[in-house]
Amino acid sequence: MKIKIKKLKPEAILPDYAHPGDVGMDMYSLEDAELKPGERKIFFTGWSLEFENGYAAIVKDKGGPPVKYGFHTMGGVFDAGYRGEYNVNIINLSKEVVHIKKGQKIAQLIIYPVVIADLEEVGELSDSSRGEGRMGSTGEF
């Protein structure tokens with residue numbers, strides 16, 4: 001699949017796949033930053049994308065940062081029609097200050113095929129084995 005990418009800032013590091021067959025493209029910080037415990041910050045990437053309808057670009061955690069540094073990405077769903085600058089919203093879930101360096105890998109971007117739903121309002125839904133069972137409906141974990 002071809003995706004068009006536009007560099008918006010000269011210092012931007014374009015996303016890339018670290019290894020053949022990887023599904024997530026690494027996203028990089030454009031700045032040095034310090035996040036106190038519980039603090040969150042939006043990191044802009046300096047680039048934007050264009051891809052076909054029927055796909056979404058979704059920001060996800062990399063494997064290492066949550067374990068090593070205790071930070072986590074929040075949200076990050078980009079629709080096919082979005083042409084603005086991509087960003088990563090990070091929260092520090094650790095009890096220590098997290099230092100993020102310019103050029104550091106902070107998240108990964110995955111391109112997913114998606115179904116665009118055609119909603120039909122109805123008065124009732126069909127029965128299922130779960131019904132309205134919420135969390136814990138299958139027993140304790």
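Quick note: the coordinates plus some simple rules give every number you see, no bench work behind them. The structure presented is a predicted model; accordingly, all values stated were derived computationally and were not measured. Every residue, glycine as well, gets a Cβ built from its backbone with ideal geometry; the counts of neighbours run over all protein chains shown.
Points to keep in mind about this one:
- Ascending count of other beta-carbon atoms within 10 Å, so fewest first, for THR45, THR73: THR73, THR45
- For the chain, Kirkwood radius (reciprocal of mean inverse C-alpha pair distance, Å): 17.4
- Sorted by Cβ neighbour density within 10 Å, fewest at the top, the residues MET25, MET135: MET135, MET25
- Cβ-derived FRET efficiency at R0 41 Å, ARG134 paired with LYS102, nearest 0.05: 0.40
- For the residue pairs LYS6/LYS68; LYS2/LYS41; LYS6/LYS105; LYS7/LYS36; LYS9/LYS105, the C-alpha atoms sit more than 27 angstrom apart in LYS6/LYS68; LYS2/LYS41; LYS7/LYS36.
- Cut-off 16 Å (backbone N to label point 7 Å along Cα→Cβ of LEU14), residues of segment 39-59: 45-51
- Coupling constants for segment 81-86 follow from the phi torsions by the Karplus curve (6.51 cos²θ - 1.76 cosθ + 1.60, θ = phi - 60°), and in residue order they are x, 6, 10, x, 6, 6 Hz; glycine and proline get x.
- Computed from the C-beta positions of VAL114 and GLU31, the FRET efficiency with R₀ = 22 Å rounds to 0.10.
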